[in-house]
Amino acid sequence: MNRQVTLFVPGHPTPQGSMAAGVNPHTGRAFVKHDNRENLLTWRGRITSRACDKWTDDPSEAPFFVALRFWFRRPKSHLGSGRNSHIVKPSAPLFPMTKKRSDIDKLERAVLDALSDVVWIDDSQVVSVRKFKRYTQPGHAEGVRIFAQELNDPTGLE
């Protein structure tokens with residue numbers, strides 16, 4: 001039997017991967033850290049917490065298929081004004097592709113790392129990923145919908 005989990009994690013999807021280098025002014029020692037560490041830790045913690053609520057077994061040792069759908073709130077500039085403030089302008093882009101909306105691989109990395117030691121032991125067990133970035137409809141929550149399924153028979157992926 002292939003165990004699976006589906007969950008939605010509300011919040012602003014935060015990428016993982018960009019690192020910032022610096023020098024401690026007090027010690028003179030060099031260091032490297034995530035450039036958005038506080039937001040990343042909050043986002044990953046929210047994902048881990050939701051996953052713990054849904055995946056009640058021990059972390060699996062099986063390979064996994066994962067589907068991720070990231071939802072971003074549209075900027076106000078994409079919407080009409082006044083009584084049309086809920087209507088998306090025809091000129092608005094269909095997909096979030098700006099640097100502010102981030103690289104989809106970095107968004108994926110944050111989610112997969114957050115699920116390590118909860119759903120699977122290590123994210124290296126993820127052998128197939130399907131991922132999307134979309135804008136929400138006005139009034140809907142941004143976040144990520146996660147579907148993860150153990151793969152006992154890899155023929156379903158081909």
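The values are calculated or read from the model by the stated rules, or taken from the named source; none is laboratory data. What you are looking at is a predicted structure, and each value in this text was computed from that prediction instead of being measured. We place every Cβ from the backbone using ideal geometry, glycine too, and count neighbours over all the protein chains shown.
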Report, ordered by the first and then the second residue, all pairs with beta carbons closer than 6 Å, sequence separation of six or more or different chains, a first member in the range 26-55 that is of a type in the set (Phe, Trp, Tyr), and a second member that is modelled with pLDDT under 85.
Phe31/Gly22
Just the residues that are in a loop (DSSP other than H, G, I, E, B) and touching a residue at least 40 places away in the same chain (Cβ under 8 Å), please, taken from the range 105-136.
Asp117, Val118, Val119, Ile121, Thr136
Among the residues in the range 25-38, are any in a loop (DSSP other than H, G, I, E, B) and modelled with pLDDT of 85 or more?
no
Those residues of the range 63-77 that are surrounded by 15 or more Cβ atoms within 10 Å (Cβ to Cβ) and farther than 12 Å from Ile146 by Cα come to a total of 5
Please determine, by comparing only the residues of the range 83-104 that are within 25 Å of Val129 (Cα to Cα) and outside any loop (DSSP other than H, G, I, E, B), which one is modelled with the lowest pLDDT.
Arg101
Taking interchain pairs and intrachain pairs at least six residues apart, which have beta carbon atoms under 7 angstrom, with the first residue in the range 73-94 and more than 20 Å from His12 (Cβ to Cβ) and the second of a type in the set (Lys, Arg) and part of a loop (DSSP other than H, G, I, E, B)?
Gly80/Lys89
